[in-house]
Amino acid sequence: MKKILLALMMALLVSATAFADVAPTDPVPTKSEQETAISKQAQDPLSGLILIPIQFNYDPNIGPLNKQVSEVFIEPTFPIKLNEDWKILTHTVVPIVSVPELATNNTNTGLSNIMLSGLLSPTSDASSKYSWGVGAGLMLPTASNTNPITYTNTPTGFDCWAAGPAVVGVYKNGPWVAGALFNQLWSFGGSPQTNINAMQIQGFAFYNMGSGYSLGYMPLININWQKAASQSTTLPVGLQFGKLFMIDGFFPLGVSVGGYYNAIRPDNTPTAQYRAQLFFVLPESMF
């Protein structure tokens with residue numbers, strides 16, 4: 001019996017010594033740290049997260065009659081891993097718009113042009129401050145109303161295809177995430193009256209304040225190369241505030257609200273834009 005007890009004591013001593021020699025593991029991130037980390041990833045279009053944002057825009061004060069436009073955008077983003085060094089980031093924009101008729105109080109509501117884009121990007125180290133991607137965008141002729149604009153009809157989009165190159169650059173440093181996505185489009189197909197030669201620049205600059213809170217500037221700059229210089233550009237100026245929540249400790253859900261004044265804009269276009277966004281972050285294991 002004494003021999004058995006002695007053997008057990010020796011075994012416990014060896015086990016304790018073995019555990020003492022094991023290096024301590026990294027501390028588990030707190031909920032606040034997780035919320036901030038995922039919020040910063042969601043702000044980076046090259047992070048590789050699976051995102052489903054739903055954004056609502058309200059554009060008031062259009063023209064002398066102060067008309068309004070309402071828009072809903074569903075914008076799933078899905079990464080495709082090619083190998084250890086490269087990935088493709090796919091982004092789809094499904095717009096549903098409500099546009100006013102010029103001579104009545106009626107509105108035309110329907111689907112506008114769906115936009116598809118893909119960006120090829122190198123897989124960068126998590127500590128890297130810079131990342132980039134190149135690719136292309138394709139606009140589909142999916143608008144539900146493409147009839148010519150009249151006093152009693154306002155189209156919801158274009159009856160043509162459009163395509164062109166896209167490039168994005170991202171800078172990350174501490175609480176900051178900033179960059180810009182450039183997308184040039186030229187039309188093809190459709191009616192002879194439809195001709196698109198335009199660029200969209202989606203800029204973004206976010207300051208993350210901790211616990212998933214962020215303050216950002218995210219202007220969508222539009223340039224129509226076919227218009228005179230004074231009527232070609234829309235430049236919004238404003239701010240937006242966001243918060244990422246960890247639901248039940250593991251399901252990330254983000255919300256943001258913002259307001260922008262169109263400091264530069266063509267005639268008879270909205271003076272401002274108000275936005276509200278809800279986005280879901282999905283785990284890769286679901287796909």
Overall Cα dimensions of region 98-145, principal axis frame, Å, largest first: 55, 21, 12
Separation in nanometres of the label points that stand 7 Å from Cα toward Cβ, at TYR213 and ASP125: 3.3 nm
10 Å binning of all Cα-Cα separations within the chain, expressed as whole percents from 0 upward: 6, 22, 31, 18, 9, 4, 3, 3, 2, 1, 0
Inter-probe distance in nm under a simple model that places probes 7 Å from Cα toward Cβ, at ILE149 and ASN106: 1.8 nm
Added length on full extension, which subtracts the Cα-Cα distance from 0.36 nm per residue, ALA229 to GLN193: 10.8 nm
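For region 132-180, state the semi-axes of the equivalent ellipsoid (square roots of 5 times the eigenvalues of the alpha-carbon gyration tensor), sorted largest first and rounded to whole angstrom. Show your work: numbers first, answer last.
Numbers: eigenvalues 263, 46, 9 Å².
One finds semi-axes of 36, 15, 7 Å for region 132-180.
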Cα-centred dipole magnitude for the chain, charges only on beta-carbon of K, R (+1) and D, E (-1), debye, nearest 20: 340 debye
Formal net charge of residues neighbouring PRO219 (Cβ-Cβ distance under 13 Å; K, R +1; D, E -1): +2
Estimated distance in nm for a label pair at ILE50 and ALA263, the labels positioned 7 Å out from Cα along Cα-to-Cβ: 4.0 nm
Rounded to 10°, Cα long-axis angle of helix 2-21 versus longest principal axis of the chain: 40 degrees
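Take the Cα pairs of region 169-241, get the Kirkwood Rh, then feed it into Stokes-Einstein at 37 °C and 0.692 mPa s and tell me D in µm²/s. Intermediate results must be reported in sequence, preceding the final value.
Numbers: Rh = 14.4 Å.
Roughly 228 µm²/s, to the nearest whole number.
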Orientation-averaged projected area, Cα convex hull of region 219-277 (nm²): 4.9 nm²
Given charges at beta-carbon only (K, R positive; D, E negative), |dipole| of region 48-102 in Debye: 40 debye
Square roots of 5 times each gyration tensor eigenvalue, C-alpha, region 75-234, largest first, Å: 34, 19, 15
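By the scheme Lys and Arg +1, Asp and Glu -1, what is the net charge of all other residues having a beta-carbon under 14 Å from that of GLY110?
Counting the neighbours of GLY110, the net charge comes to -3.
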Percent of Cα pairs exceeding the 20 Å cut-off, where the set is region 174-287: 56 percent
Length-normalised contact order of region 64-206 in % [C-alpha pairs under 8 Å, at least 6 apart]: 17 percent
Dipole axis of the chain (+1 Lys, Arg; -1 Asp, Glu on Cβ), positive-most option in PHE78, LEU253, GLN68: LEU253
Reduced Cα scattering model of region 45-165, Debye log10 I(q)/I(0), q = 0.13, 0.17 Å⁻¹: -0.64, -0.89
Which listed pairs, of LYS172/LYS227; LYS31/LYS129; LYS129/LYS243; LYS67/LYS172, have C-alpha distances above 30 Å, in listed order: LYS172/LYS227; LYS67/LYS172
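Read-outs throughout are calculated quantities, based only on the coordinates presented, and are distinct from any laboratory measurement. Keep in mind that this is a model prediction, so the values were computed, not measured. Note that each Cβ is placed from the backbone with ideal geometry, even for glycine, and that neighbours are counted across all protein chains shown.
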